[in-house]
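Working notes, structure below.
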Amino acid sequence: MKVIVTGAAGFIGSHVVDRLLKDGHDVAGLDNFDPFYDPIQKRDNLTQALGNPRFELVEGDIRDFGLLTALFDRFQPKAVIHLAAKAGVRPSLEDPALYMDVNVTGTTRVFEAARLLGQPPRVVYASSSSVYGDRDMAPFRESENVDSPISPYAASKRACEILASTFHHLYGLNLTGLRFFTAYGPRNRPDLAVSKFSRLILEDQTIPVFGDGSTRRDYTYVEDIADGVVKAMHQCHGLHLYNLGNSSPVALTELISTIAKALGRVPRLKHLPTQPGDVRQTFADISLAETELGFRPSMDFAEGIQRYVEWLLARQGA
C-alpha cells in the first residue's frame, strides 16, 4: 500500500521506513530536518531508503497545512504513520510553547489532512510512555488515568491522544496511538541515554548520574518498535491506544554497566540531584498489544546494546 511517514528521517522513523520498504510498500517520507540534533545524521539514517525507487523524500514541516494537503492529495496514502514531533522531556522544560505548537498543532494538521481525503487513510501516531507521569504502581496499563503529566512534552503527547479521540468521534477517522517506551538501537538520537553514555565512556569522560542510579526505564529495541508500528498500521480500525515496550525495566546503573562492558571500558560516574520532569520508572504492560496486534518484542537487552555499540564503532571508523 501507499504509506506516508512523518518524521521519516528520525531514529524510529527511519527504521519504520526501512521496514515498510522491505515489506513492499510505497513510502513518502516527510521530514523538516529540525536541528535538534545534526541533520547530517538524519540524512544518513535514510541512506538505505534513498536508494529504493519506492521511496520519496519530502522536506517540510507538519505545521505547513498547504504542504500536507498537497502531499496527501498527490500521494493518496492508504495509511499515515505520524512520528514527527519535538522530542525530549528535559528540553521541553525550556520551551513549552514550541513543544505544544509542533506536537499538538502539527498533529491536528496531520489528522485534518487525512480526514479531508475522499478515502481517509488509517492513521497511526506516536505517543509516549511519558504520559504515565511519575507513579509507583507498575506495570503501566493503557486503561489507567494519565491526566497528570509532569512535563510539557508529556502534556503535548497526552493532548494528541485526546485529539485523536475527538477526530474519531466527529469524523470517524481510524486512529491508533502508540505509547513508545524508551527506544534504543542503531541510529539512536544523540541526546538519549544509550547514545550519550556510550560517547562519554569512549571519550573517558564522567557520566552524570541524576539521582541514586535506581531509576528504571523499559528499554525497547528499535526494530521491535518498528515491528509494532507496522502491525498497528495493518490493524488500524476504530480508535485504539497501545503500549509498545519490552516489559522488562532496566536500572540506570545496569544500563551504564552493560554499555561499559560492550565497549570494554570502565565508566566514571558523577552523582547529581534528580532532574525536574524525570520519573522513577517506566514499565509497559504490553498484554493488549500482544493480544490485539501480535506484538512480541524479541531483542535481549544486552544483545541490543551490543548491536548499538557495533553500529556506533563502525560509524566512527573504530
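Dimensions of segment 147-196 based on its C-alpha atoms, expressed as ranges along the principal axes with the largest first, amount to 43, 25, 13 Å.
Using the alpha carbons alone, the radius of gyration of segment 49-119 stands to its Kirkwood radius in an Rg to Rh ratio of 1.03. Rounded to the nearest 20 debye, the dipole size of segment 3-102 about its Cα centre is 320 debye, using +1 on the Cβ of Lys and Arg and -1 on the Cβ of Asp and Glu. Counting only Cα atoms, the size of segment 110-259 along its three principal axes is 57, 31, 24 Å, in decreasing order. Basic side chains Lys and Arg get +1 at the Cβ, acidic Asp and Glu get -1 at the Cβ, and with that the dipole of segment 88-205 about its Cα centre reaches some 400 debye.
Distance between the pseudo-spin-label points of LEU93 and ARG74 (7 Å out from Cα toward the beta carbon): 4.2 nm. Positive-end ranking of VAL209, LEU244, ILE259 along the dipole of segment 201-277, with charges on Cβ about the Cα centre, is headed by VAL209. Size descriptor for segment 66-192, Kirkwood hydrodynamic radius: 15.6 Å (Cα pairs only, one decimal).
Can you give the Rg to Rh ratio for segment 173-305, taking only C-alpha atoms and Rh from Kirkwood? Using Cα coordinates only, the ratio equals 1.03. Dividing the C-alpha radius of gyration of segment 202-272 by 2.2 N^0.38 Å, with N its residue count, gives 1.52. Per-residue ellipticity at 222 nm, computed for the chain from helices alone with -39500 (n - 2.57) per DSSP H run of at least four residues, works out to -12000 deg cm²/dmol. Volume of the convex hull of segment 251-318 (Cα atoms only), normalised per residue: 149 Å³. Note on the chain: Rg/Rh from C-alpha atoms, Kirkwood Rh, equals 0.95. Taking each residue as 0.36 nm, the span from PHE210 to ALA251 lengthens on full extension beyond its C-alpha to C-alpha distance by 13.5 nm. Translational diffusion coefficient of segment 1-117 at 37 °C, 0.692 mPa s, Stokes-Einstein with Kirkwood Rh over Cα pairs, in µm²/s as a whole number. Answer, rounded: 228 µm²/s.
Residue separation of MET1 and GLN275 scaled by 0.36 nm, minus their Cα-Cα distance, works out to 94.3 nm of gained length.
Potential lengthening of the chain between ASP23 and ASP191 amounts to 57.5 nm, from the contour at 0.36 nm per residue minus the alpha-carbon distance.
Taking the number of Cβ atoms within 10 Å of each Cβ as an exposure proxy, the fewest-first ranking of THR282, THR253, THR166, THR220 is THR166, THR253, THR282, THR220.
Within the same chain, lysines fewer than 8 places from LYS22 are excluded, and of the rest, those with a Cα less than 25 Å from its Cα are LYS2, LYS42, LYS78, LYS231. Selection among THR105, LEU57, ALA79 by position relative to the dipole of segment 1-142 gives ALA79 as farthest towards the positive end (Cβ unit charges, Cα centre). Segment 268-318 and segment 24-50 have Cα centres spaced 22 Å apart.
Charging the Cβ of each Asp and Glu at -1 and of each Lys and Arg at +1, and nothing else, the dipole of segment 200-279 about its Cα centre rounds to 140 debye.
When the chain is described by a simple charge dipole with +1 on each Lys and Arg Cβ and -1 on each Asp and Glu Cβ, the residue from LEU21, PRO276, ALA159 located farthest towards its positive end is LEU21.
Every number in this text was worked out from the coordinates using simple rules, so none of it is lab data. All of these numbers come straight from a predicted model, not from anything done at the bench. Quick reminder, even Gly has a Cβ in these numbers, built from the backbone with ideal geometry, and neighbours come from all protein chains shown.
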